[in-house]
Amino acid sequence: MIPDKFTYLAPTSLPEVWQALQAHPGEAKILAGGQSLIPLMKFRLATPAYVVDLRRVAGLDTLEERNGALVIGAMVRESQLERSDLVRRRYIGAYEASAVVADPLVRNFATIGGNLAHADPANDHPAMMVAMRAQVAAQGPNGQRMIGIDDFLVDTMETSLAPEEVLTAIHIPTPTQHTGSAYVKFERKVGDYAIAAVGAQITLNGDICTQAGIGLTNVGPKAIRATQAEAFLVGKRMTVENVQETARLAAEAAQPGSDLRGPAEYKRKVVRALAARAVRAAADRAFAGGVQ
Amino acid sequence: MSDVKQQVTLTINGQPVTAEIEPRLLLVHFIREVANLTGTHIGCDTTSCGACAVLVNGIPAKSCTMFAVQADGAQISTVEGLEQGGALHPVQEGFFQEHGLQCGFCTPGMMMTAVAFLERNPNPTDDEIRQAISGNLCRCTGYVNIVKSIQYAAARMREQQAAPAMATAGSEAAQ
């Protein structure tokens, strides 16, 4: 399949990127790893007149802990996250989300920045970032701002980035002691989008939950924060009954539609099962000591 | 819309290829139609099957999901570059010895993925191989012989690594 014609721009600095975006309002798309944008362009579901490639822009490949957060540059590939010892050890939920994005070849080029900015509710990172309460760094001609993930994700394929702004990094707060995370995905076949998936991050004091983050994938117009479930669990002991009630509330927060991946009621039950698994896995990791 | 063409140079299997192309030209079409290397196949054309896998700067990529302009300046490796001086690459030898193909359509992509994987993991488990090739679909073999082929190649590459002096002596003798 041949995409529609476009002009390709590969600027070498962010100011040049902003310039390109401002010069062609509504006509330009940012290209990072291309693993979502290029298929859309091949189907002609996206026909941008200008494609602005970030590959020559320096400084977008950071992957390090800095000032209490893991900073992941916009051009860090999924495969880098998957192979990073730091991410595996301290941000295991983010590692688990990376490891189930599409397939290894796609992950060699796909970026977490693109996964978030594309804002497809079927993507795996948004829900995990909801659970981990990540912040998105955006830079535009008026400077840099940090956007909380809940404000960043607006609707299906819609974020709160201004037209001339570029997502430059994701900041995941470094978990405190006795914090664990997990991402549990259910898919028809390897590499597919989720029927449903749940990201969870749990902080414990003894066996009492002191903080909970729960995000849901592909069961609504965007990644959903299971607010009621989180609120219920905080302050509670990690008993089987409490985890089950948390999972029930998480399933209530889901807004699934019926499609080829199953009817809505089925998906709601899947969310319930996965939420229990994700919360339990995150709590087990937190109990085992969590961050090392 | 723009009809402006752009000049790019891609180095494919060590040979620089320069051409004026439309930015919308996909890497796989550049390889097949501009460089005339048709060993790289187009399978699903929807980022699923991996028949079009090539190495971009040593990293396996689905070449149907990359514009050739993105690869300007890059080193591209395709199946045609595996054989060196009349000798099959250990991965090619493995697919031959272990019957790692039937129709052969997925084979070039499968082998390119395997080549990059074995560079990173010279002593893999069967499970690690299956993970590594999970972006390459084969509809004939059921994968069992592909895994065997890659294990064969891994063993052969470890042997070569262990005895580089002997291999050098051997190739000099052959010349």
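Laboratory data are not the source of any read-out in this text; all were calculated from the coordinates shown. None of these values were measured; they are calculated from a predicted model. Cβ placement follows ideal geometry from the backbone for every residue including glycine, while neighbour counts extend to all protein chains displayed.
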- Query: Per-residue ellipticity at 222 nm for chain A, helices alone: DSSP H runs ≥ 4 residues times -39500 (n - 2.57), over residue total, nearest 500 deg cm²/dmol?
  - Reply: -10000 deg cm²/dmol
- Suppose every K and R has +1 on its Cβ and every D and E has -1 on its Cβ; what is the size of the dipole of the range B:6-81 about the Cα centre, in Debye to the nearest 20? 160 debye
- Item | R0 of 56 Å, Cβ-Cβ distance A:Lys269-A:Glu16: FRET efficiency to nearest 0.05 | 0.65
- Message: Between helix A:240-253 and chain A, what is the angle of the helix's C-alpha long axis to the longest principal axis, kept within 0 to 90° and rounded to the nearest 10?
- Response: 40 degrees
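Work out the mean other chain Cβ neighbour count within 10 Å for the residues of B:62-68 and drop it here as an integer. Intermediate results must be reported in sequence, preceding the final value.
On the way: counts 10, 1, 4, 12, 5, 9, 1.
The per-residue average across the peptide is 6.
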- Item | Under 15 Å from B:Lys5, Cα to Cα: aspartates and glutamates that are on another chain or at least 8 residues apart | A:Asp4, B:Glu20, B:Glu22, B:Asp72
- Message: Report the rotationally averaged projected area of the range B:91-142 based on its alpha-carbon convex hull, in square nanometres.
- Response: 3.4 nm²
- Query: What percentage of all Cα-Cα pairs in the range B:6-81 are separated by more than 16 Å?
  - Reply: 37 percent
- chain B: Rg/Rh from Cα coordinates, Kirkwood Rh? 1.01
- Among A:Gln139, A:Leu63, A:Thr111, which residue has its Cα positioned farthest towards the positive end of the charge dipole of the range A:63-173, with +1 placed on the Cβ of Lys and Arg, -1 on the Cβ of Asp and Glu, and the dipole taken about the Cα centre? A:Leu63
- About its Cα centre, how strong a charge dipole does the protein assembly as shown have in debye, to the nearest 20, once Lys and Arg get +1 and Asp and Glu get -1 at the Cβ? 980 debye
- Message: Among B:Leu101, B:Tyr143, A:Cys209, which residue has its Cα furthest toward the positive end of the charge dipole of the protein assembly as shown, with +1 on Lys/Arg Cβ and -1 on Asp/Glu Cβ?
- Response: A:Cys209
- Query: Quick one: Cα centre-to-centre distance for the range B:2-46 and the range A:75-109, in angstrom?
  - Reply: 29 Å
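What does the structure give for A:38-51 when I average, per residue, the other chain Cβ atoms found within 10 Å of the residue Cβ? Please list the in-between numbers first.
Numbers: counts 9, 7, 0, 3, 7, 1, 0, 0, 0, 1, 0, 2, 2, 5.
Mean partner-chain Cβ count within 10 Å for A:38-51: 3.
For the protein assembly as shown, what is the per residue volume of the convex hull drawn over the alpha-carbon atoms, in cubic angstrom? Could the numbers behind the result be given before it?
Numbers: hull volume 72.1 nm³, N = 467.
Looking at the protein assembly as shown, the number lands at 154 Å³ per residue.
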- Cβ-Cβ FRET estimate between B:Gln160 and A:Asn205, R0 fixed at 60 Å, reported to 0.05: 0.60
- Message: Compute the angle between helix A:14-23 and the longest alpha-carbon principal axis of chain A, please, reported from 0 to 90 degrees and rounded to the nearest 10.
- Response: 70 degrees
- Please give the FRET efficiency for A:Arg66 paired with B:Gln84, using the beta carbon to beta carbon distance and R0 = 51 Å, rounded to the nearest 0.05. 0.70
